[in-house]
Amino acid sequence: MERLNLSNILEIKNLKRSFGGVKAVDGCSFEIESGKIIAMIGPNGSGKTTVFNLISGILSVDSGKIILDGSNITDNSVEERARLGISRMYQQSRLFKNLTVKENLLLVLDQRNFNFFARSKPSTEQTEQINEILDLFELNKKINMPVKTLSFGQRRLIEIARTYLLPHKIMLLDEPVAGVTPHLRNEISKFLTKLKDEGETILIIEHDMNFVYNLVDEVVVMDAGKIIAHGNPVEIEKNQKVKEAYLGA
Ligand SMILES: Nc1ncnc2c1ncn2[C@@H]1O[C@H](COP(=O)(O)OP(=O)(O)OP(=O)(O)O)[C@@H](O)[C@H]1O
Ligand SMILES: [Mg+2]
C-alpha cells in the first residue's frame, strides 16, 4: 500500500534524473509533514530546481517515487498534480505581463467558474481574497495596473500571491527573494511567517541561509544531485560537510 504516513503531505523516495552524463538528481529522499516548512539549499547546479521539476511534473523521473498526501503521483501530468494540490512558484516569472494584477490573480483563483474572456464578474469572496493579499503586500494601489508596470520585486510578490491563492496542499517556492530589494524581501519574509502560523506546508529553495533560518523547521542540503545533510537549522549551521560544499573544498 502507498499510504504509509498520513501526516506526510509529500514523500519523495530515491528520485533520480540525469541529463546526458549529468546526474542532476541522484537518489533524493525526504518527507514533509503537514504544517512544516522545509528549505532546500545547495550550491548552483546542485539539483534543487530539478527536484521541483520532478515533484511538479515538468520533468519525468528516471526512477523513484513521489507520494502526495498518500497517493502515488509519480506518473501524473503537471495539470493533474496541480489539481491534486501542488502549487508551484517558478524561478522565472510566469505572469501575463499585459494583464492587470487583479486579472492575473483572478485567472488562478477560480479557473473553473470565472470566465475571464466572457468578462463574468468575480465573486465578492474572490475580490476579498485578492484585496486581502494585496493589502498585506501594500500593493493595493497597483490592482488595476498591468503587471509590466511593476518592479521586479513587486512581480515576485504577485507570483507568491498567485501560488498561495491557487488551491493547494503544498506550496513549492523557487528562490522567492532572489534579486528582490531589502524592503520587499522583508515583506516576503513577513508573509511566509504568517503562512507558517496558518499551518501551510511549504518547500522553499533558497541560497541565503539567513533568510530561512528563523522560518523553517528543517533544511535539506543538496550537493551534486545528492542530499548531503538534513536537519534543523541549528544542526545544519554546524555541519562540516555543508561548510565544505559551500566553500567548494
Ligand atoms: N532541462 C535540462 N537539460 C539539461 N541539463 C539540465 C536541465 N535542467 C537542469 N540541468 C542540469 O542539471 C544540474 C542541476 O540543475 P538545477 O537547475 O536543478 O540546479 P539548482 O540547484 O536549481 O541551481 P541554481 O541554484 O543555479 O538554481 C545542472 O548541471 C544543470 O545544468
Ligand atoms: Mg535552481
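For residue 140, what is the net charge nearby, where nearby means another residue's Cβ is under 12 Å from its Cβ and Lys, Arg count +1, Asp, Glu -1?
Cβ neighbours under 12 Å give a net charge of 0.
Provide the FRET efficiency to the nearest 0.05 for the residue 124-residue 198 pair, computing r from the beta carbons and using R0 = 22 Å.
So, using R0 = 22 Å, E works out to roughly 0.50.
Would you pull out the residues with amide H under 5 Å of residue 40's amide H, same chain only if 5 or more places away, H placed 1.01 Å from N?
204, 205, 206, 220
Normalise the Cα radius of gyration of the range 1-69 by 2.2 N^0.38 Å (N = residues in it) and let me know the number.
1.13
Provide the convex hull volume over Cα atoms per residue for the chain, in Å³.
Each residue corresponds to 139 Å³ of Cα convex hull volume.
Looking only at GluC sites (Glu not before Pro) in DSSP loops with at most 14 other Cβ atoms within 10 Å, what is the longest site-free stretch of the chain?
My reading of the result: 3-137 is the longest stretch.
If you fit an axis through the alpha-carbon atoms of helix 124-136 and take the longest principal axis of the Cα set of the chain, what angle between them do you get, 0 to 90°, nearest 10?
60 degrees
Label residue 136 and residue 181 with points 7 Å out from Cα along Cα→Cβ: what is the distance between them in nm?
Output for this residue pair reads 2.2 nm.
State the antiparallel share, in %, of DSSP beta bridges confined to the range 8-247, rounding to the nearest 5.
Given both bridge residues lie in the range 8-247, the antiparallel proportion sits at roughly 60 percent.
Every number here is computed from the coordinates shown, using simple stated rules; none is lab data. Computed from a predicted model, the values in this text were never measured in an experiment. Reconstructed Cβ throughout: ideal geometry from the backbone, glycine too, with neighbour counts over all protein chains shown.
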